[in-house]
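FYI, it's all coordinate maths here, none of it is from the lab. Everything numeric here is computed off the predicted structure, so don't read it as measured data. Note that each Cβ is placed from the backbone with ideal geometry, even for glycine, and that neighbours are counted across all protein chains shown.
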Amino acid sequence: MPLFVRKFTRNRWGNITKNCVMAMLAADAITDMKTTSNTLSFWVIDSIDALDDVVVALATGSKITSLEAMDLVWVDEASLINDGFEVRSSLGDTAATILADTHRDVCSLTYSSLGQLAMTVFQSINAEQCKKVSKPDVKKCVERFYRSGGINMGRCSEKLAEQIKKIIAH
């Protein structure tokens, strides 16, 4: 079953535990669901085994200037479809051009549906469908992908390209 993955800021979601309920969700969590043109960005993978692809896609976006640790959360595609969310394919902003077409937008979001989507993400975090990826692991993922020819350095920011070159040189 496909998984929709996105980066999130763990501390904005507060201390979510197994018995946590949505009413206890920190208000800052909604700011982690920043939309553009009423859409929210995700990357789709076929299984959790492909999570490294999302790490690379996110780590090599054109606005990224440094490889950093990241928290990822994933939601089952079926949950989004069953809840009636509109999903649209769109090219993702990544120097890993082979992964650009794995980007998806959850579209036509409203105040209400964004809250419902936040609930879905909250439930995924609560179910431990999330992972902290350390900075060294991000670097390893990017290095592996670079060595396989999967990163177009011309699509990286200048600072990120310099950092990747230093990693490759070691």
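General observations
- Helix-derived mean residue ellipticity, 222 nm - over the chain, DSSP H n ≥ 4, -39500 (n - 2.57), to 500: -10500 deg cm²/dmol
- Between CYS107 and LYS159, the simple label model (points 7 Å from Cα in the Cβ direction) yields a spacing of 3.4 nm.
- Counting every other Cβ atom within 10 Å of each residue's Cβ, SER134, SER157 order from fewest to most as SER134, SER157.
- Along the stretch 88-97 the Karplus relation, 6.51 cos²θ - 1.76 cosθ + 1.60 evaluated at θ = phi - 60°, assigns HN-Hα couplings of 10, 6, 8, 5, x, 7, 7, 7, 7, 4 Hz to successive residues, with x for each Gly and Pro.
- Each residue in ASP137, ASP101, ASP32 was given a count of other beta-carbon atoms within 10 angstrom of its own, and listing them fewest first yields ASP101, ASP137, ASP32.
- Along each principal axis, taking the top coordinate minus the bottom one, the Cα set of the chain gives 49, 31, 27 Å in descending order.
- Amide H within-cut-off set for VAL87, under 5 Å, with H built and near neighbours excluded: CYS107
- Anchor LYS63: lysines whose Cα lies under 28 Å away (excluding residues fewer than 8 positions away in-chain): LYS7, LYS34, LYS131, LYS132, LYS135, LYS139, LYS140, LYS159, LYS165, LYS166
- Pairwise centroid distance, computed over Cα atoms, of the stretch 106-140 with the stretch 30-87, Å: 7 Å
- Cβ crowding within 10 Å ranks ASP93, ASP28, ASP53 as ASP28, ASP93, ASP53, fewest other Cβ atoms first.
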